[in-house]
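The values are calculated or read from the model by the stated rules, or taken from the named source; none is laboratory data. In this text, all values refer to a predicted model and were calculated from it rather than measured experimentally. For neighbour counting, all protein chains shown are included, and Cβ atoms are generated from backbone atoms with ideal geometry for every residue, glycine included.
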Amino acid sequence: MKTNDKTKFTVTHRILHALVAVLMTVLFITGFLRAFWMSKKALLTAVETTLNKQNVTIEREQLIPIARSIQAPMWQWHEYAAFALLFAFLARITYMLARGIKFPSPFKQSQSIKERLQGMLYVIFYLFIAISIITGFYLKFGDGTYKETAEAVHKWAVYWFPIFILLHLGGILWAELSAKKGISSKMIGGE
């Protein structure tokens, strides 16, 4: 991010950055678990297999409440993190606008390719966060008309978030090895 004072990130800026990072990580982990390792199908299969080994037979339909009860605490964390992310995302956008903080324009030909790539990554990141928030809240509070589409789009986060993290870390490494050496310690320590 470019700021008027390139030597220091404010405490507010650093807290919002860390908050978004932590919340996105919680959302990714809980979403990933729900989609894969702790999906209803995976849990039903695990419970059914365990019961069969003990010669206990229960209809699959009777196991669904068990699977949902196992998922429930994890899903509550996902929802709490989603509400917190909505707040943090809006606070970060408001803070950036109020402070005049801008990231490089991806469309300005006079900027270096690195800066344009950085700008495009930020545009895509903020767009994807907004889409994830909108689809997530629609799934929670919407009327269900577009449930399948919203769910499919919402699940894209399982793919785009790790890609963003890798690109973000790559960009930090690139910056540390170039003219912006020390940007990591500035973001962490504010120096």
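Of the helices (runs of 4 or more DSSP H) lying entirely inside the stretch 147-191, not one is found with 3 or more residues being among the charged types (D, E, K, R), in contact with a Cys (Cβ under 9 Å, 6 or more places away or on another chain) and in contact (Cβ under 8 Å) with a residue 60 or more places away in the chain. Of the helices (runs of 4 or more DSSP H) lying entirely inside the stretch 8-119, not one is found with 1 or more residues being touching a Cys at 6+ places or on another chain (Cβ under 9 Å).
Considering each residue of the stretch 133-152, count those that are polar (S, T, N, Q) and over 18 Å from TRP77 (Cα atoms), and give that number.
Taking the stretch 133-152 and keeping what is polar (S, T, N, Q), we get 135, 145, 149.
Cutting the leftovers down to over 18 Å from TRP77 (Cα atoms) gives us 145, 149.
Going through the stretch 133-152 one residue at a time, the tally reaches 2.
Restricting ARG92, ARG99, ARG60 to residues that are surrounded by 16 or more Cβ atoms within 10 Å (Cβ to Cβ) and over 14 Å from the mean Cα position of the chain (by Cα) narrows the list to ARG92. Would you call PHE125 touching a residue at least 24 places away in the same chain (Cβ under 8 Å), under 14 Å from the mean Cα position of the chain (by Cα) and surrounded by 15 or more Cβ atoms within 10 Å (Cβ to Cβ)? For PHE125, the condition - touching a residue at least 24 places away in the same chain (Cβ under 8 Å), under 14 Å from the mean Cα position of the chain (by Cα) and surrounded by 15 or more Cβ atoms within 10 Å (Cβ to Cβ) - is met.
Kindly evaluate GLU79 against the criterion of being charged (D, E, K, R), modelled with pLDDT of 95 or more and farther than 30 Å from ARG99 by Cβ.
Working: charged (D, E, K, R): yes; modelled with pLDDT of 95 or more: yes; farther than 30 Å from ARG99 by Cβ: yes.
So GLU79 passes the test.
So is GLY136 closer than 22 Å to VAL20 by Cα, small (Gly, Ala, Ser), part of a helix (DSSP H, G or I) and at pLDDT 90 or above or not? Give the derivation first.
Working: closer than 22 Å to VAL20 by Cα: yes; small (Gly, Ala, Ser): yes; part of a helix (DSSP H, G or I): yes; at pLDDT 90 or above: yes.
Yes.
When restricted to residues that are over 22 Å from ALA21 (Cβ atoms) and aliphatic (A, V, I, L, M), the stretch 81-116 contains 1.
The residue pairs whose first member lies in the stretch 92-119 and is of a type in the set (Phe, Trp, Tyr), whose second member is assigned to a loop (DSSP other than H, G, I, E, B), and whose beta carbons are closer than 6 Å, counting only pairs six or more residues apart or on different chains, are PHE103/MET1.
Considering THR10, THR30, which residue is in contact with a helix residue (DSSP H, G or I) (Cβ under 6 Å, 6 or more places away or on another chain) and either touching a residue at least 60 places away in the same chain (Cβ under 8 Å) or surrounded by 14 or more Cβ atoms within 10 Å (Cβ to Cβ) (or both)?
Working: THR10 fails: in contact with a helix residue (DSSP H, G or I) (Cβ under 6 Å, 6 or more places away or on another chain).
The match here is THR30.
If only residues of the stretch 136-190 that are β-branched (Val, Ile, Thr) and under 13 Å from the mean Cα position of the chain (by Cα) are counted, the one that is nearest to PHE9 (Cα to Cα) is ILE165. Can you say whether LYS41 is more than 28 Å from VAL153 (Cα to Cα) and surrounded by fewer than 14 Cβ atoms within 10 Å (Cβ to Cβ), as far as the supplied structure shows? For LYS41, the condition - more than 28 Å from VAL153 (Cα to Cα) and surrounded by fewer than 14 Cβ atoms within 10 Å (Cβ to Cβ) - is not met. Flag: ALA18 matches the condition of being exposed (fewer than 14 other Cβ atoms within 10 Å of the Cβ), of a type outside the set (Lys, Arg) and under 14 Å from the mean Cα position of the chain (by Cα).
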